[in-house]
1. What list of ³J(HN,Hα) values in whole Hz, one per residue of segment 179-189 in order, does the Karplus curve 6.51 cos²θ - 1.76 cosθ + 1.60 (θ = phi - 60°) give from phi, with Gly and Pro shown as x?
2. Check which residues have an amide H placed less than 5 Å from residue 190's amide H, if you skip close sequence neighbours.
3. If each residue of separation counts as 0.36 nm, what is the full-extension length gain between residue 260 and residue 87 once their alpha-carbon separation is subtracted?
4. What is the sum of charges, Lys and Arg at +1 and Asp and Glu at -1, for the other residues whose Cβ falls under 12 Å from the Cβ of residue 246?
5. Give me the percent of accessible area attributable to carbon and sulfur for segment 14-95, probe 1.4 angstrom.
6. Between residue 284 and residue 425, with labels modelled 7 Å along Cα→Cβ, what's the label distance in nm to one decimal, could you check?
7. Using the alpha-carbon centroid of each, what span in Å lies between segment 10-84 and segment 86-106?
8. Each residue of segment 74-89 in order: what ³J(HN,Hα) in whole Hz does its phi give by Karplus 6.51 cos²θ - 1.76 cosθ + 1.60, θ = phi - 60°, with x for Gly and Pro?
Amino acid sequence: MPNPMHSPVSIIGGGLVGSLLACLLAQRGFAVEVFERRRDPRVAGYAGGRSINLALAERGLHGLRLAGLGEEVMRLAVMMRGRMVHHRDGHCELLRYGRDDSQVIWSLSRGRLNIALIDAAERAGARFHFGQRLHEAQFGEGATLQLIDEASGAAHTHEAPFVLGCDGAGSALRAAMNRAHGLGERIEELGHGYKELEIPAREAAAGAARFAIEANALHIWPRGNYMCIALPNAEGHFTVTLFLPNQGTPSFAQVDTAAAARALFERDFADLLSLLPDFDADFSGNPIGTLATLYLDRWHLDRRALLLGDAAHAIVPFHGQGMNCGFEDAVELAELFAAHAQDRNWTFSEFERRRRPNAAAIAAMALENYVEMRDSVADPAFLLRRDLGRVLADRHPDRFVPRYWMVTFSRMPYAQAFARGAIQDALLHELADGHADLETIDLTHADALVQARLAPVAAA
Ligand code: FAD
Ligand code: E1W
């Protein structure tokens, strides 16, 4: 039951972060209203019926568990043990993500996840208004929201004491806040775009696997300056994403027809092309997505409006952490809010103080990961540092933890993972630079440096 002492909460955007936040706040006794531009996905089908799969890691799973969705989501998810690298010569190798099957990530359909979240939020008492697009907002005592009914085009006004913006990277609420007071917005385009394609499930011959390629992996076809990836879902198909520069050779500027794209795939992704029966239609019909990092100096207007998720800190997708980070935002805000509902100005400032350094850290790590991902031919010095890193991780499991593990399998603040990662990287350079193989590296000295520079990670 909503607590009558609390002001009603208005959320813009019922995507992944908005619907989780609605659920967590409703569970804590708040009256929650969500305004979502799209139609109800349970009625309309999700985003035109396209299926897009996402990787869920420990941070995101934690938020879903708090919402009571841990088990339901596991039933929708496919385990990914590692990345399956498909080399140019056609051979492939599975590189495990973690130590064993307790350290894995999960692939699931964005649409199915969103529906599970909306259902859970409604069960907790949140009310969704679908087909309602935020058009403009003014900020006086509270927030005046101008909404457009997408079906009729009719405009109406909603007065709210405050508003939470979960309306994604192109946030209309952010634009309105920025017009009113200036948020110090900076958008850095990556210069690469993406296109989504689909590997369908195989006809289910009795007992045979429905997956056309290994189901329990994130597939990567690294090709230097560009790459494809594929993520499975529980229905047996894979979403393939081509990441490619916007300009140059090859690029989306050049590869601008299905025929040109087919030629690129015949040359660089021949094994993959044979799994894509709808290649031409997918390539022509699906838009080119843009990739950018969003930086803001401020996430809130005192006590009247606050941004979270992609609306506050959109990042490039190469660590698979955008949703995971947004779910951490939702948990942090719901917990602060429930404990300090009367002091919203403090709550919003405190939320921003806690989350902004972490958002900045994952933004930087996601950018770095693109380079590491798509380079198939890593240089020997890099490989030596990687091998030494493994040796040190084995010798000091509580101190030397690979950065990917800290980001993916723990809930250590991103900023701390980033800082520890930098110390570890500097240490590897110091120990390995000038060496050709592990044999000549002084491990006793290495042990001493690890002990001196890396405190044990607090037990998870
Ligand atoms: P969104 O999911 O974008 O939701 C915003 C919602 O607001 C939508 O429902 C939208 O319809 C609604 N809305 C927009 N404007 C308005 C308006 N004016 N009025 C009302 N409603 C509005 N993250 C991961 O963790 N793992 C991954 O594997 C992963 N892969 C990715 C791959 C790609 C190619 C991309 C681009 C991103 C990926 N991400 C991944 C990031 C992830 O998609 C986002 O971080 C996540 O969707 C953010 O959730 P959100 O709720 O903040 O925004
Ligand atoms: C993950 C879209 C997306 C999602 C992901 C990942 C990648 C590359 C991409 C990072 C990764 C899960 N990654 N995978 N293998 N090494 N790093 O871990 O989500 Cl492009």
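The values are calculated or read from the model by the stated rules, or taken from the named source; none is laboratory data. Please read these numbers as outputs of a predicted model, since none were measured by experiment. So basically every Cβ, Gly included, is an ideal-geometry build from the backbone, and we count neighbours across all protein chains shown. Just so you know, the surface numbers come from the protein's heavy atoms only, side chains and all, with ligands and any DNA or RNA stripped out. Shrake-Rupley method; radii C 1.70, N 1.55, O 1.52, S 1.80 Å.
1. Once rounded to whole Hz, the list reads 5, 6, 9, x, 9, x, 6, 9, 10, 9, 6.
2. 291, 292, 293
3. Numbers: separation 173, 0.36 × 173 = 62.28 nm, distance 2.18 nm.
Contour length minus the Cα-Cα distance gives 60.1 nm.
4. Values: positive: 195; negative: 189, 256.
My count for the surroundings of residue 246 gives -1.
5. Values: 1660 of 3410 Å².
Taking all protein chains in place, segment 14-95 shows 49 percent carbon and sulfur surface.
6. About 4.4 nm separates the two model spin labels.
7. Centre-to-centre (Cα) distance: 26 Å.
8. 4, 6, 8, 9, 10, 5, 10, 7, x, 9, 9, 8, 9, 7, 4, 7
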